[in-house]
Amino acid sequence: MTSNRRDLINGLAAAMGAGTFAATTYEGTNRYDKGTGTFYCNGHIISPSIVEKASEFFEANLKRCDRSTSEGNEMYLIYETAVEAIKLMRTTNANQNSSIVASNKDHQNRYS
């Protein structure tokens, strides 16, 4: 679908009441809009509810991991990475140019 056609369809959908759901793609850099909770990633507009569902999914799977095996421990680390990445994305100012540092204390309280 060409960009003009997609824009026309999204514009019509918005006019019919689709509101913020009309836009599904964008062009630009990947970013997280802390004000709206929207994640702009690889040409997609990811709503705050989907970001929350992703966070819940990874947290639930993290808690189910059997860390007594090497495979289970590896999956735990993969899920932990996703959970922490979403958390950092939500708490870091997008305009900040400094390094992002997670608190080990928060991690210990949350997953121990």
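For the residue pair ARG5 and SER68, what label-to-label distance in nm results when each label sits 7 Å from Cα along the Cα-to-beta-carbon direction?
According to this spin-label approximation, the distance is 5.7 nm.
Starting with the highest mean, order 83-91, 46-54 by the number of other Cβ atoms within 10 Å, averaged over the residues of each peptide.
83-91, 46-54
No value in this document is a laboratory result; all are computed from the given coordinates. This structure is a prediction, so every number in the text was calculated from the model and none was measured. So basically every Cβ, Gly included, is an ideal-geometry build from the backbone, and we count neighbours across all protein chains shown.
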